[in-house]
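The structure appears below as structure tokens.
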Amino acid sequence: MMSVLLEGVLDQELGYLKYDYRNKDTDNSRNGHSTKTMHTSYGDMEMAVPRDCNGDYEPQLIKKYQNIVTHDMEEKSLSMYAKGMTTGDIESHMKELYDIDISDSTISRITDKILPIVKEWQEQP
């Protein structure tokens with residue numbers, strides 16, 4: 001799920017969605033992924049962190065040298081959206097809880113990408 005969130009943030013930073021070259025208004029573009037091992041409360045997890053050609057992309061959800069994701073962050077990022085919080089509410093909570101600056105439009109793009117995951121999570125018994 002975190003990789004999907006990072007892709008959403010990169011979409012926002014580049015100003016166009018993946019494969020949406022008609023709306024591309026930058027000389028920067030995606031440049032694959034780098035692999036990162038994250039230590040979570042559920043065990044180690046391999047993660048694909050997207051890159052850009054210019055090397056300008058600095059993920060805010062998972063910082064460059066961060067390798068630990070707390071259970072709290074995992075659960076909150078998914079449950080805030082699943083419980084119907086607005087993007088503005090999520091923006092302020094992310095700032096308050098994790099000191100991460102993410103605009104509400106970025107959060108909107110992220111939530112659009114994780115909608116299938118949220119739907120599956122909501123349907124769990």
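The values are calculated or read from the model by the stated rules, or taken from the named source; none is laboratory data. Everything numeric in this text was worked out from a predicted model, so none of it was measured. Reconstructed Cβ throughout: ideal geometry from the backbone, glycine too, with neighbour counts over all protein chains shown.
One table, with the values for the structure above:
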quantity: Tally of residues being closer than 20 Å to GLN12 by Cα, under 15 Å from the mean Cα position of the chain (by Cα) and at pLDDT 70 or above across region 78-92; calculated: 4
quantity: Enumeration of residues in region 20-37 that are surrounded by 13 or more Cβ atoms within 10 Å (Cβ to Cβ) and assigned to a strand (DSSP E or B); calculated: ARG30, ASN31, HIS33, LYS36
quantity: VAL9 at pLDDT below 85 and in contact with a helix residue (DSSP H, G or I) (Cβ under 9 Å, 6 or more places away or on another chain); calculated: yes
quantity: Residue check for SER108: surrounded by 11 or more Cβ atoms within 10 Å (Cβ to Cβ) and either farther than 17 Å from GLY8 by Cβ or at pLDDT 70 or above (or both); calculated: yes
